[in-house]
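What follows is a set of notes on a single structure, which appears directly below.
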Amino acid sequence: MSIHPSKSIVGTKGRELKDKSIVLCITGSVAAVQCPEIARGLMRHGAEVLAVMSSMAQKIIHEHLMEWATGNPVVTELTGKIEHVTLAGKHSAKADLVLIAPATANTISKITCGIDDTTVTSVVSTAFGSKIPIIIVPAMHESMYNHPILKENIKKLKTLDVEFIGPRIEEGKAKIAETKDIIAAAIRRLSVKQDLRGIKMLVTAGPTVEYIDPVRVITNKSSGKMGVAIAEEALNRGAKVTLVYGLGKETPPQGACVVSVETTEQMRQAVMDQLKSTKYDVVIAAAAPSDWTLKKPYSHKVSTHKLDSLTLKLKSTRNIVDHVKKISPKTLLVAFRAEYKLRKKDLIKSAYKRLLKANADLIVVNDVSKKGVGFGTETNEVFMVDKKKKVIHVPLTSKAEVAKKILDVVNERIKPT
């Protein structure tokens, strides 16, 4: 039997979902128009996607479109082939994940009450009995999403280990989550490598700003890419992640608890509050907080029409990593340090000195003068140094890959001996 031409894209962006079959259940929301993109995004990461459409979904997009998108026949009704059992029954060939995207308020409430009167709800009901992971991606008008009974139904499903992605509240609507976030959630849920499951991790990321006046700031070139990559990789590997995030350019990953801050002091206070309220196993301080702040910021906008020059008096900010071990001494602390135009020997020496000062367990250092390294780039080259002066070099590669290497080392350090 020949392979459907649409399947030529399988695995072209990654192999994270290789050998995984995902049932994409589509309900009658206008957001169903995004389902071909969702299906093909999953396929590009290696998944086999099988679409199931409710009768209302078929009035929004045609089944032929989903057959083209997935390269597989589409389930539009339940017949003597007992499609819901074939896809989600308790047998060796069952699907690895059931993804309802988009999910209407009607479908969510039916699932909560165990009603299975459509192709979609029958598949989901069967999946519950077969213990197949379920992800729901809501999409509806905001007023419907805010219905107190729907909120209770979502809360109930979450207690049954159903994962919800989104929605995005925009223009009076609870819009379907971004495709990339849906794909990331599927990868995270089906990731074979769950070596950080149960680990509580606090990650800092992005730059902070220090105000000169109400509209002008001092900051740095950090984009937050490295810290966000670490948070996303930690989530993929099963960790519970809190992200204390400055004014970075990257979108925080779905699933992280995000604490947004602007200034270094706000970031320091947020970290301290988290450490006092929650027992974290790991803190990874990947942020680039400002080292300097004004002694006395202006309370008004400084007029350039009245001044030809402006002298600023600065003072150093309180260093965040220096306080972590004082509050949470048993937490594994990973510090970061950026240097500029240093020889490797001096780079390692500087990093080790900083590690000792912060009482950190590991420090990640890079030389941001090098091309493709550090602030705002998609790539990085780092050296990891521990208290025994052991050095691990990660050559220039993507920040996602660097994040994996860092967490591999973290995982080795937190495993019981």
- Message: Taking the condition of being without any contact (Cβ under 8 Å) to a residue 40 or more places away in the chain, more than 20 Å from ALA205 (Cβ to Cβ), in a loop (DSSP other than H, G, I, E, B) and in contact with a strand residue (DSSP E or B) (Cβ under 9 Å, 6 or more places away or on another chain), how many residues in the stretch 279-315 meet it?
- Response: 2
- Do we have MET140 as surrounded by fewer than 20 Cβ atoms within 10 Å (Cβ to Cβ), closer than 15 Å to PRO102 by Cβ and not polar (S, T, N, Q) here? no
- Single match in LYS330, LYS341, LYS370, LYS345 (criterion: out of contact with any Lys or Arg (no Cβ under 8 Å at 6 or more places or on another chain) and assigned to a helix (DSSP H, G or I)): LYS345
- Query: In the stretch 109-141, what count of residues is obtained for those that are within 24 Å of the chain's Cα centre (by Cα) and within 23 Å of LYS173 (Cβ to Cβ)?
  - Reply: 6
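From the list ALA256, ALA229, which one is in contact with a Ser or Thr (Cβ under 9 Å, 6 or more places away or on another chain) and touching a residue at least 60 places away in the same chain (Cβ under 8 Å)? Break it down into steps so the answer makes sense when it comes.
Working: ALA256 fails: touching a residue at least 60 places away in the same chain (Cβ under 8 Å).
Exactly one of ALA256, ALA229 is in contact with a Ser or Thr (Cβ under 9 Å, 6 or more places away or on another chain) and touching a residue at least 60 places away in the same chain (Cβ under 8 Å), namely ALA229.
Test of understanding: among VAL120, VAL162, VAL98, which residue is in contact with a strand residue (DSSP E or B) (Cβ under 6 Å, 6 or more places away or on another chain), more than 27 Å from ALA256 (Cβ to Cβ) and assigned by TED's automatic domain parsing to the domain that holds VAL30?
Sole residue among the options that is in contact with a strand residue (DSSP E or B) (Cβ under 6 Å, 6 or more places away or on another chain), more than 27 Å from ALA256 (Cβ to Cβ) and assigned by TED's automatic domain parsing to the domain that holds VAL30: VAL120.
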- Task: Go through the stretch 14-44 and count every residue that is part of a loop (DSSP other than H, G, I, E, B), touching a Gly at 6+ places or on another chain (Cβ under 8 Å) and surrounded by fewer than 24 Cβ atoms within 10 Å (Cβ to Cβ).
- Result: 6
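Kindly provide the set of residues from the stretch 321-346 that are among the aliphatic types (A, V, I, L, M) and at pLDDT below 95, ordered by number. Write out each step before concluding.
Taking the stretch 321-346 and keeping what is among the aliphatic types (A, V, I, L, M), we get 321, 324, 327, 332-335, 338, 342.
Correct list: ALA338, LEU342.
Right, LEU87: in a loop (DSSP other than H, G, I, E, B), in contact with a Ser or Thr (Cβ under 9 Å, 6 or more places away or on another chain) and in contact (Cβ under 8 Å) with a residue 24 or more places away in the chain or not?
On the way: in a loop (DSSP other than H, G, I, E, B): no; in contact with a Ser or Thr (Cβ under 9 Å, 6 or more places away or on another chain): yes; in contact (Cβ under 8 Å) with a residue 24 or more places away in the chain: yes.
When the stated conditions are applied, LEU87 does not pass them.
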- Query: In the stretch 229-247, how many residues are within 13 Å of THR204 (Cβ to Cβ) and either modelled with pLDDT under 90 or out of contact with any helix residue (DSSP H, G or I) (no Cβ under 7 Å at 6 or more places or on another chain) (or both)?
  - Reply: 3
- Task: Can you run down the residue pairs with Cβ atoms below 7 Å, 6 or more apart or on separate chains, where the first is in the stretch 260-278 and over 18 Å from LYS330 (Cβ atoms) and free of Cβ contacts under 8 Å to residues at least 24 places away in the same chain and the partner is of a type outside the set (A, V, I, L, M, F, W, C) and crowded, with 16+ Cβ neighbours inside 10 Å?
- Result: SER260/TYR245
- Would you mind telling me which numbered condition in (1) under 19 Å from VAL203 (Cα atoms); (2) at pLDDT 95 or above; (3) more than 22 Å from the chain's Cα centre (by Cα) ILE392 fails? (1)
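The values are calculated or read from the model by the stated rules, or taken from the named source; none is laboratory data. Given the structure is predicted, the values throughout are model-derived calculations rather than measurements. With ideal geometry, Cβ positions are generated from the backbone for all residues, glycine too; neighbour counts draw on all protein chains shown.
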